[in-house]
Each structure stands twice: as structure tokens, then as C-alpha cells.
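Chemist: Once you've had a glance at the structure underneath, I'll fire off some questions.
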Amino acid sequence: MIQLYIPLNFLGVLYREIKQSLADMEKLFSLMDQNKEIADKDNAPALKLDPHRSPEVRFQMVNFNYEENRQILFDVDFTIAAGTTTAVVGHSGSGKSTLSRLLFRFYDIRSGQIAIDGQNIMDVTQHSLRQAIGIVPQDTVLFNDTIAYNIAYGKPGATQEEVIAVAKAAYIHEFIESLPEGYETMVGERGLKLSGGEKQRVAIARTLLKNPSMLIFDEATSALDSKSEQLIQAQLKQIAKSRTSLVIAHRLSTIVDAAQILVMDKGRIIERGTHQELIAAAGAYAQMWERQQHGGVQDEAESGIGLAQ
Ligand code: ATP
């Protein structure tokens with residue numbers, strides 16, 4: 001019984017990891033097919049991390065295509081300094097989410113290198129790589145189980161005390177306590193439906209429990225209500241502090257403090273710098289900022305207004 005349980009459970013975890021990260025059932029199946037290509041090298045070592053600091057992440061001249069004849073990323077080159085946040089902006093289809101999929105090694109790149117503290121991610125085990133990265137996706141998939149289970153999923157074997165501690169840190173404890181069955185309330189498709197903001201806070205609690213040294217945060221495209229938004233932003237700052245973070249951003253107001261902002265257009269980085277530097281440069285970012293300030297455009301991805309070429 002136990003022998004049967006382990007592989008099934010492992011498959012379940014893998015399935016959920018993929019599903020959770022992309023939160024898109026259609027893509028899931030094609031992804032699982034393509035994923036067969038990704039394999040650990042013989043005797044691949046685990047990713048080695050310094051326990052005292054988060055690692056440096058380096059994309060070096062990365063070229064990538066999902067399908068033959070359609071290149072998606074062109075010579076993408078940037079470094080996320082240890083423990084800092086890099087935000088990526090640009091309109092829909094420019095390749096922002098692809099960067100996070102590649103860092104998580106859902107796909108292998110065609111040329112160039114992605115390295116974490118100098119270790120090529122293709123040379124280390126996928127397990128150790130994915131253990132080190134927490135993802136807060138746009139649309140968190142909740143399992144048909146209790147809310148406690150949904151949080152504890154971040155760390156198999158987590159105690160109830162640990163679950164409550166991270167729920168408090170993610171500002172969702174009080175909400176959970178207000179539910180008729182508290183932490184034992186069933187959620188997911190067949191249970192209580194949570195709002196987008198509540199789901200994202202569950203994902204944050206889950207990530208806090210996992211305690212990864214790197215973080216990928218995929219900001220929701222649809223605006224959350226302002227209270228949820230503020231809580232999530234405050235929380236995000238907290239968990240990104242001292243963790244090496246990649247933020248896929250849709251609202252520029254949420255990333256003004258990022259150590260580095262990359263502006264992507266058609267698979268290329270067309271501008272980079274801090275918010276102040278990019279505003280001073282008066283280029284594509286400055287135009288996007290201006291539009292979002294005055295035009296009330298919530299989502300550059302959907303604004304349909306082109307970036308400077
Ligand atoms: P959005 O802001 O809309 O999320 P994005 O900038 O994150 O967009 P990506 O999801 O990285 O964009 O997609 C970049 C390009 O790659 C798009 O043209 C998209 O159609 C293509 N693409 C994404 N996933 C796949 C896939 N699994 N197979 C083939 N092409 C894909």
C-alpha cells in the first residue's frame with residue numbers, strides 16, 4: 001500500500017506543480033508532452049546554495065523557441081543580483097512568462113545559459129532546482145481539500161502551528177478563522193470559492209512554508225480590489241526581502257522599488273534600469289508609466305498600445 005502510494009503521490013505533486021505554475025489546463029497537456037525532453041544528466045548533482053544568502057541568477061545570451069521556426073527570445077541577457085528583485089514588463093506575448101518557465105526549467109533553451117550561483121541549471125537535478133524556487137502564480141489552483149491542506153502543500157509534513165504561522169504572515173489567518181469550519185473548510189472547485197486575492201494569499205502562505213531562496217511572482221493581470229492589492233503588495237515585499245526574485249508585472253506602480261526593471265518587446269530586452277533611470281531615459285517605459293498614471297490603464301499587456309520600436 002505504501003509502495004503504491006509513493007509513486008502516485010509523486011506524480012500528483014509533479015502534476016500539481018506544473019498545473020499550479022501555469023494555471024492553464026490547455027497548456028498543461030502539451031507541456032507534459034514536451035516535458036519528456038527534459039531529463040537530468042547522469043549523476044547530476046543537486047544545486048548547491050549558500051545557506052546564508054540567496055543566489056545570483058544569470059541569463060546569458062538566451063535564445064529560445066517553443067516551436068521550430070518561431071523564435072520567442074532573442075539574446076536575452078541579464079543578472080538578478082543575489083537577494084534582489086528584478087521586474088519584467090512589456091506587453092502581451094513579449095516573453096515575460098517564458099523567462100519564468102525557463103528559470104524553472106519547464107523547457108530547455110536553444111542557446112546561451114541560465115545559471116544560478118554559477119551552476120548551469122541544465123547540469124543540476126530538476127528536483128533541487130524546483131525546490132529552491134517558489135512560485136506565486138497569477139491564478140492559483142486550489143485542490144479540492146481543506147484550506148489547511150492547501151497551505152501545507154508548500155511543505156510536506158508541515159505542522160498545524162507552522163500552517164497557522166504562515167497564514168498569519170500572509171494576512172489570511174483572520175479570514176480563515178471567520179469561516180464556519182476554520183482551517184478545515186473545504187475549498188477548490190467543489191468547496192468554498194475564494195476570491196482572486198484570497199487565493200493569491202493562500203499561494204503566498206504556501207510559498208512562505210516552502211521557504212525558497214528564489215521567488216517568481218506572476219502578478220495578476222486582472223486588478224484585485226484595492227484592499228487585497230495592498231495586502232498582497234505588502235506581503236510580497238516581505239517575502240521578496242533578501243530573496244532573489246523575478247516579478248512579472250502588469251501594473252508599474254507595484255514595481256517602482258525593484259532593483260532592476262527589464263522592458264521586453266517581441267522577445268528582446270529593449271530597456272533596463274531602475275524606475276528612476278527609466279523615467280529619466282524617457283523611452284518606452286516612461287511612456288508606459290505616463291499612460292498608466294493618466295490613462296488609468298490597469299494592464300499594459302492589454303492596453304493594445306505599442307511600445308516604441
Ligand atoms: P502575457 O503578458 O500575455 O502573459 P507574456 O509576455 O508573458 O504575455 P509569454 O507567455 O512569455 O508572453 O509568450 C511569449 C510568446 O510565446 C507568445 O507569442 C506566445 O504565443 C508564445 N508561447 C507561449 N507559450 C507557448 C507554448 N507552450 N507553445 C508555443 N508558443 C508559446
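The values are calculated or read from the model by the stated rules, or taken from the named source; none is laboratory data. Please read all numbers here as calculations on a predicted model, not as lab measurements. Here the Cβ is made from the backbone with ideal geometry for all residues, glycine too, and neighbour counts use every protein chain on show.
Chemist: Please go through segment 172-196 and pick out each residue that is surrounded by 19 or more Cβ atoms within 10 Å (Cβ to Cβ) and part of a loop (DSSP other than H, G, I, E, B).
Modeler: Within segment 172-196, ILE172, LEU194 qualify.
Chemist: Name the one entry in ALA240, ALA205 that is surrounded by fewer than 23 Cβ atoms within 10 Å (Cβ to Cβ) and over 22 Å from SER92 (Cα atoms).
Modeler: On the way: ALA205 fails: surrounded by fewer than 23 Cβ atoms within 10 Å (Cβ to Cβ).
The unique qualifying residue is ALA240.
Chemist: Now for a separate question. Just one of the numbered conditions (1) modelled with pLDDT under 95; (2) within 15 Å of the ligand (Cβ to nearest atom); (3) more than 30 Å from GLN131 (Cα to Cα) is not true of ILE248; which one?
Modeler: (3)
Chemist: Something else: So GLY95 ticks every box in (1) within 17 Å of LEU47 (Cβ to Cβ); (2) touching a Gly at 6+ places or on another chain (Cβ under 7 Å) but one. Which box is left unticked?
Modeler: Result: GLY95 fails condition (1) only.
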